[in-house]
Amino acid sequence: MGSGKTTIDLFGDCVTLPSGRRGRPSHQWSKSNADKVIMGLALGYKAEEIAQGLHISLPTLRKYYFSELRAASMQRTRFELWRAKVLADEANKGNVGALKELGKIMEKRDRLAAEQALKDQPADAAAEPIGKKEAARRAAAEAAISDPDLTPGVYRTH
C-alpha cells in the first residue's frame, strides 16, 4: 500500500500529501491529535466540533480516539487539576500571580460547594412566607403552650 509523503501544516498537524492513488488516505492516530481530543473535551467541545477541528469525520474520531472519548466526563476535572498543579509549581517558585489565581480557584470551589449544600438542604416550613394573621395565630399558639394561664376559657381563682 503506497502512501504519499507527509508534511506538517500550519497548526503542526501531520498531513499526508496525495500519492496519486484514488481516495482519501487513511487516518493515522497521533499523540498530538489525542491530546487535542482530550483538551477539546476538557474545554467543553462536542465530539462533532472536535472531529471538524481535526479535519476528520465523526466515525473516524470515534474509531481512533474511542478511549479519550470514553473518558470525556473526567477530562474537565483532569484539566482543572493539571491547571492547579501548574499554578502551584509557579507559586512555589515565588510567582505571586499564580498564588492569587490558586486563591481564586479555591474561593470559586468553596462558593460552588456552599451553593450545592443550600440546594441539597430540605425546604424549611418556616421559610415559606406567611401573612400577618397567620403569624399572630402561630405566636398565640406558642404563647398558650408556654403559659397555660393564657388559654381561653380557663379561669383560675386564687
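The values are calculated or read from the model by the stated rules, or taken from the named source; none is laboratory data. Keep in mind that this is a model prediction, so the values were computed, not measured. In case anyone asks, the SASA skips ligands and DNA or RNA and just uses the protein heavy atoms, side chains included. Shrake-Rupley method; radii C 1.70, N 1.55, O 1.52, S 1.80 Å.
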- Excluding residues fewer than 8 places away in the same chain, name every one of the lysines whose C-alpha is closer than 26 Å to that of LYS5. LYS31, LYS36, LYS63
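For the range 8-106, what does the accessible surface come to per residue with a 1.4 Å probe? Please give it in Å². Mind dumping the intermediate values first?
Details: 7300 Å² over 99 residues.
In whole numbers, the range 8-106 has 74 Å² accessible per residue.
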- Would you mind telling me the share, in percent, of accessible area of the range 22-134 contributed by carbon and sulfur at probe 1.4 angstrom? 57 percent
- Stretch gain in nm, segment ALA144-ALA114, where the contour uses 0.36 nm per residue and the Cα spacing is subtracted: 6.9 nm
- Area accessible to solvent at ARG111, 1.4 Å probe radius, in Å²: 130 Å²
